[in-house]
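Okay, structure first, notes after.
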Amino acid sequence: MKELEKTELLEIQGGLKFSASLLSSVVRGVNSLLELGRSIGTAIRRISTGRLC
């Protein structure tokens, strides 16, 4: 493995960039998980109280 010199190290660029579509996808995923949890909780509550359709 080649060692980089100081000038080469200074030229390295990188990092994490957030785009609007990535952020939107993450928010949609979190909302879907919350809705799933809410639905499961409601189903458990309805079964335990005996109030089924």
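The values are calculated or read from the model by the stated rules, or taken from the named source; none is laboratory data. For clarity, every value in this text was computed on a predicted model and none was experimentally measured. Glycine gets a Cβ as well: all are built from the backbone with ideal geometry, and neighbour counts include every protein chain shown. What goes into the accessible areas is simple: the full protein's heavy atoms, side chains included, and nothing from ligands, DNA or RNA. Shrake-Rupley method; radii C 1.70, N 1.55, O 1.52, S 1.80 Å.
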Rounded percent of accessible protein surface that carbon and sulfur make up, the chain, 1.4 Å probe: 62
Neighbour cut-off at most 11 other Cβ (10 Å), DSSP loop, trypsin sites (Lys or Arg not before Pro), the chain: Lys2, Lys17, Arg51
Value of [θ]222 nm, deg cm²/dmol, for the chain, DSSP H segments ≥ 4, -39500 (n - 2.57) each, nearest 500: -22500 deg cm²/dmol
Å² of accessible area per residue within the chain, as computed with a 1.4 Å probe and no ligands counted: 103
Helix 20-49 axis, angle to the chain major axis (alpha carbon atoms, nearest 10°): 30
Stretch gain in nm, segment Leu22-Ala43, where the contour uses 0.36 nm per residue and the Cα spacing is subtracted: 4.4 nm
Cα-derived Rg over Rh, computed across the chain with Rh taken as Kirkwood radius: 1.54
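In the stretch 1-31, which GluC sites (Glu not before Pro) are in a loop and have at most 11 other Cβ atoms within 10 Å, using DSSP for the loop call?
Values: sites: Glu3, Glu5, Glu8, Glu11; in loops: Glu3, Glu5, Glu11.
The qualifying sites are Glu3, Glu5, Glu11.
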